[in-house]
Amino acid sequence: MKAVIIMGSKSDEEFSTKISRFLDEFGVKSVLKVASAHKTPLRVLEIIREFEEDDVVFVTVAGRSNALSGFVDANTRKPVIACPPPSNAFAGMDIISSLRMPSGVAPLVVLEPENAALAVAKIFALKDEKIRKKVEEYQEKKRNEILEAT
């Protein structure tokens, strides 16, 4: 089981690495790839085909006009989580390109790297007891943070 993080450009690497580090905490392996739905669509398809037979969740990291998330989702039967990096351009409205998808295309949108990793871990926790326990421990830790703050 692994998360395949596809970033639309090298400039998304720092954001993508955050997701990868959180995945490590859940015991989920990850691999980072760079490919653009606009500029290198055939490369995106190669990446999907490379991992399609594995137990994977694809995480897409692309901003601006986020075609990557929809393109990956439309070409795989595996779960896709879109985690677009934050942007102040256009008053942050480029997020809409991650939210509005055509019928039959359904990437999940999660905005924070930590939460994207949690979503991946919860998907894998359906089949993996060790990951399920790490998710439960994480949730307990988050509850305790709130309780200790009061």
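Being touching a residue at least 40 places away in the same chain (Cβ under 8 Å), more than 25 Å from Leu126 (Cβ to Cβ), of a type outside the set (Ser, Thr, Tyr) and part of a loop (DSSP other than H, G, I, E, B) narrows it down to one of Gly63, Gly27, so name that one. So that I can check it myself, show each step before the final result.
Values: Gly27 fails: more than 25 Å from Leu126 (Cβ to Cβ).
Going through Gly63, Gly27 in turn, just one is touching a residue at least 40 places away in the same chain (Cβ under 8 Å), more than 25 Å from Leu126 (Cβ to Cβ), of a type outside the set (Ser, Thr, Tyr) and part of a loop (DSSP other than H, G, I, E, B): Gly63.
Is it true that some residue in segment 62-84 is under 30 Å from Lys133 (Cα atoms) and over 13 Å from the mean Cα position of the chain (by Cα)?
First, pick out the residues of segment 62-84 that are under 30 Å from Lys133 (Cα atoms): 69, 72-73, 76-84.
Checking the rest, the ones that are also over 13 Å from the mean Cα position of the chain (by Cα) come to 76-77.
The answer is yes, given that some residue of segment 62-84 is under 30 Å from Lys133 (Cα atoms) and over 13 Å from the mean Cα position of the chain (by Cα).
Which one of Lys18, Lys33 is part of a strand (DSSP E or B) and either of a type in the set (Asp, Glu) or touching a residue at least 24 places away in the same chain (Cβ under 8 Å) (or both)?
Lys33
The conditions are (1) assigned to a helix (DSSP H, G or I); (2) surrounded by 16 or more Cβ atoms within 10 Å (Cβ to Cβ); (3) of a type in the set (Lys, Arg), and Lys141 fails exactly one of them. Which is it?
Looking at each condition in turn, Lys141 falls short on (2).
For segment 126-138, which residues satisfy the criterion of being surrounded by 10 or more Cβ atoms within 10 Å (Cβ to Cβ) and hydrophobic (A, V, I, L, M, F, W, C)?
Ile131, Val135
I'd like the full set of residues that are without any contact (Cβ under 8 Å) to a residue 40 or more places away in the chain, over 12 Å from Thr60 (Cβ atoms) and outside any helix (DSSP H, G or I), limited to segment 106-136.
Listed by number, the residues that qualify are Ala106, Leu111, Glu112, Leu126.
Okay, residues lined up against (1) surrounded by fewer than 16 Cβ atoms within 10 Å (Cβ to Cβ); (2) under 24 Å from Lys142 (Cβ atoms); (3) of a type in the set (Gly, Ala, Ser):
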{"residue": "Phe15", "(1), (2), (3)": "no, yes, no"}
{"residue": "Lys18", "(1), (2), (3)": "no, yes, no"}
{"residue": "Leu23", "(1), (2), (3)": "no, yes, no"}
{"residue": "Ser30", "(1), (2), (3)": "no, yes, yes"}
{"residue": "Leu42", "(1), (2), (3)": "yes, no, no"}
{"residue": "Glu46", "(1), (2), (3)": "yes, no, no"}
{"residue": "Asp55", "(1), (2), (3)": "yes, no, no"}
{"residue": "Val61", "(1), (2), (3)": "no, yes, no"}
{"residue": "Ser65", "(1), (2), (3)": "yes, no, yes"}
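For segment 36-59, which residues satisfy the criterion of being without any contact (Cβ under 8 Å) to a residue 24 or more places away in the chain and of a type in the set (Ser, Thr, Tyr)?
Here is the first cut: in segment 36-59, the residues without any contact (Cβ under 8 Å) to a residue 24 or more places away in the chain are 39-40, 42-43, 46, 49-50, 53.
Passing the criteria: only Thr40.
Any residue at all in segment 87-104 that is in contact with a helix residue (DSSP H, G or I) (Cβ under 7 Å, 6 or more places away or on another chain), at pLDDT 95 or above and surrounded by 10 or more Cβ atoms within 10 Å (Cβ to Cβ)?
No, because not a single residue in segment 87-104 is in contact with a helix residue (DSSP H, G or I) (Cβ under 7 Å, 6 or more places away or on another chain), at pLDDT 95 or above and surrounded by 10 or more Cβ atoms within 10 Å (Cβ to Cβ).
The values are calculated or read from the model by the stated rules, or taken from the named source; none is laboratory data. If you're wondering where the values come from, they're calculated on a predicted model, not measured in any experiment. Glycine gets a Cβ as well: all are built from the backbone with ideal geometry, and neighbour counts include every protein chain shown.
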